[in-house]
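Shown next, in structure tokens, is the structure this report addresses.
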Amino acid sequence: MSTTVWILGDQLLDSHPALLKAEEVAQGGEIRVLLVESKQRLRRLPYQRKKLVLLFSAMRHYAARLRDRGYTVDYRMVDRFSQGMEAHLREHQPQRLLCMEASEYRGRRYQRTLESRLGVPTSVLSNTQFLVGSYDPYPDPDPDKRYVMEHFYRAMRRHFNLLMDEAGEPLGGRWNYDDMNRKPLPKGLEIPRPIQFPPDEITRQLIDEVESSGWGVGNAAGFQLAVTHEQARQALEDFIAHRLVDFGPYEDAMSRSDSLLYHSGLSPYLNLGLLEPAELATAAASAYLSGAAPINSVEGFIRQVIGWREYIYWQYWRQMPAMQDVNFWDARRSLPEFFWDARTPMNCMQAVIQRALDDGYTHHIERLMVLSNFCLLAGIEPQQVNDWFLSCYVDAYEWVMLPNVLGMGLYADGGQTGTKPYIASANYINKMSDYCQDCEYDRRKRTGPGACPFNLLYWNFLIEHESVLRASPRMGPNVLSLRHIDDEERTRIVRQARDYLQELGSGPDP
């Protein structure tokens, strides 16, 4: 019996469950692997060109890897995905189709129709790219209940026995070391440079293809990312050896001089299947147990991998498809044009946006406390913000961006994902970065000429949503500070914020 294993481009697992299942059931019959590049999917948004190179180079290297392992691979480049699938079936007429659940809603919905659409017996296997595929802390979630990431994270730690002692308690006596991980970057600190991977012939060809297409944002020049499992593992080893030790203290720090700092930069590989979450978590835990890295850095990193990432994926599937349309604050303004060209006098916004446009990467605090913070305070429509993130980041996929941008970043789901809106004035940005130095805006001014837009918009947001924010236990202290602002100053704040947003060209007031 001939079997086709369809592998999606973001499921490049070393041990793919559909391949393992095919070996089990083929009984000597032929196994073919189908991989499809779809131009239609490519054109859904103006994606970061480095992401396109990464995705398609990783796919083509994966196909070569499978051929080296003895598999017959049918690699198709077509206008529409359905063309590739239908042509494969006509040519090879498999008697069985195996695949793994897509990570995204649209793909999984399509997979459910495969058998009736194509007339081929189809098995869709459970997704193994996420640990919640094997263990779900809340397998039957209450639709009316608010779930907290910290509780989710602790359940994952216990189940997978990460940083736990023999009595089932967290090593070091604490679950969370956040209070040790909020240091700004000291001046003159020499930050280890991450390992880079010069493009080989396959990748160079893709760089030429992507650039000549004229599609997407940024450019493919200077591409140095890992495109194979071996390279991705080298990147993991490099992080563990050189940056994990200081990851914790400076994980919230931001700097004009460096975009990665002590972060791992491994999310693009994790989201493609070149690395797996357990692999990252156990490597970090081993570094602590061997004395190579401190508990606060290791715990902070493991929380990102098995806490935040798994929780985000879990929330995506819990809230879909309704999550696509959430807009708790009724935000209606259009995304400002400077998100596409970085032409803004705000040092922080200019630097972070330029990094996203050039390289497709900024670390999580810049995404949350600079970009999403601004969009929330300015009342930018959530779906436009999400589309921008999906377009500009090399690690962006719908399952991660919808709950991360709409849920955590913009609080557009009303608190289903996060426990509070992550809003801050210029004081936070100044404390955690060097962006405020030499900026034409004054971080100390709330109103008046030269007042920082983050200050102006922050206080305007508190005034505009005061009643809603007062009802939130975690936002109460922020709103209480409004009592120090008299009616006259409130009027100035609201008027100047309105004028700023109109001058921004971000669409009409809601």
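The values are calculated or read from the model by the stated rules, or taken from the named source; none is laboratory data. Because the structure is a prediction, the values reported are computed rather than measured. As a convention, Cβ positions derive from the backbone with ideal geometry for all residues, glycine included, and neighbour counts pool all protein chains shown. The protein model used for the area step is the full one, side chains on, heavy atoms only, and it has no ligands, DNA or RNA in it. Shrake-Rupley method; radii C 1.70, N 1.55, O 1.52, S 1.80 Å.
Some values worked out for this structure:
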read-out: Sparsely packed GluC sites (Glu not before Pro) within region 1-93, loop by DSSP, other Cβ within 10 Å at most 14; value: Glu30
read-out: Listed residues Val385, Ala281, Ser264: farthest to the positive end of the dipole of the chain (Cβ charges); value: Val385
read-out: Amide H contacts of Met77 (H built 1.01 Å from N, under 5 Å, at least 5 apart or other chain); value: Glu37
read-out: Whole-Å semi-axes of the ellipsoid equivalent to region 110-189 (Cα gyration tensor, √5λ, descending); value: 39, 19, 15
read-out: On Cα atoms only, tilt of 277-289 relative to the major axis of the chain in degrees; value: 70 degrees
read-out: Burial order of peptide ranges 362-369, 491-498 (average beta-carbon count within 10 Å, highest first); value: 362-369, 491-498
read-out: Segment Trp340-Arg41, extension gain: residue separation times 0.36 nm, minus the distance between their alpha carbons; value: 105.5 nm
read-out: Karplus-derived 3J(HN,Hα), 6.51/-1.76/1.60, for each residue of region 384-394, Hz, glycine and proline x; value: 5, 5, 4, 4, 5, 4, 4, 6, 9, 10, 5
read-out: Angle in degrees between helix 81-92 and the longest Cα principal axis of the chain, rounded to the nearest 10; value: 10 degrees
read-out: Only Lys, Arg (+1) and Asp, Glu (-1) charged, at Cβ; the chain dipole about Cα centre in debye; value: 500 debye
read-out: Solvent exposure, largest accessible area first (probe 1.4 Å, DNA, RNA and ligands not counted), of Glu230, Glu209; value: Glu230, Glu209
read-out: Accessible area, probe 1.4 Å, largest first, for residues Leu280, Leu55; value: Leu55, Leu280
read-out: Ellipticity estimate at 222 nm from DSSP helix runs (n ≥ 4, -39,500 (n - 2.57)) divided over the chain, nearest 500; value: -12500 deg cm²/dmol
read-out: Anisotropy class of region 43-116 from Cα gyration tensor, a/c 1.5 cut; value: oblate
read-out: Reach of Lys183 by Cα under 17 Å, taken over aspartates and glutamates that are not fewer than 8 positions away in the same chain; value: Asp246, Glu251, Asp252, Asp258, Glu299, Glu366, Asp434
read-out: Per-residue SASA entry for Ser297, accessible area with 1.4 Å probe, Å² rounded to 10; value: 0 Å²
read-out: Anisotropy class of region 1-144 from Cα gyration tensor, a/c 1.5 cut; value: rounded
read-out: Alpha-carbon Debye profile of region 408-470, log10 I(q)/I(0) at 0.16, 0.21 Å⁻¹; value: -0.61, -0.89
read-out: Longest to shortest principal axis, alpha-carbon extents of region 121-272, angstrom; value: 61, 55, 32
read-out: Gyration tensor verdict on region 165-226 (Cα atoms; rounded if a/c is under 1.5, prolate if a/b is larger than b/c, oblate otherwise); value: prolate
read-out: Residue-level accessible surface for Ile191, protein heavy atoms, 1.4 Å, Å²; value: 30 Å²
read-out: For mean projected area of the Cα convex hull in nm², calculated from these coordinates, the label among (i) 22.8; (ii) 52.1; (iii) 25.4; value: (iii)
read-out: The chain - accessible surface per residue (Å², probe 1.4 Å); value: 42 Å²
read-out: Pairwise Cα inverse-distance average, inverted: Kirkwood Rh of region 446-510 (Å); value: 12.5 Å
read-out: Rounded tilt (10° steps) of 453-464 against the dominant C-alpha axis of the chain; value: 80 degrees
read-out: Table column - 3J(HN,Hα) (Hz), region 314-322, Karplus curve with 6.51, -1.76, 1.60, x for Gly and Pro; value: 4, 5, 4, 6, 5, 9, 6, x, 4
read-out: 5 angstrom amide H check on Val33, placed H, neighbours 5+ away; value: Val5, Thr72, Val73, Asp74
read-out: Computed log₁₀ I(q)/I(0) - Debye formula, equal Cα scatterers, no solvent, region 220-324, q 0.10, 0.15, 0.18, 0.19 Å⁻¹; value: -0.32, -0.69, -0.94, -1.01
read-out: Mean projected area (nm²) of the alpha-carbon convex hull when region 358-510 is viewed from all directions; value: 9.7 nm²
read-out: Pair Met164, Glu279: separation of 7 Å Cα→Cβ label points (nm); value: 2.4 nm
read-out: Nonlocal amide H pairs with Leu185, under 5 Å, H built at 1.01 Å; value: Met254
read-out: For region 171-236, size of Cβ-based charge dipole, Lys and Arg +1, Asp and Glu -1, in debye; value: 560 debye
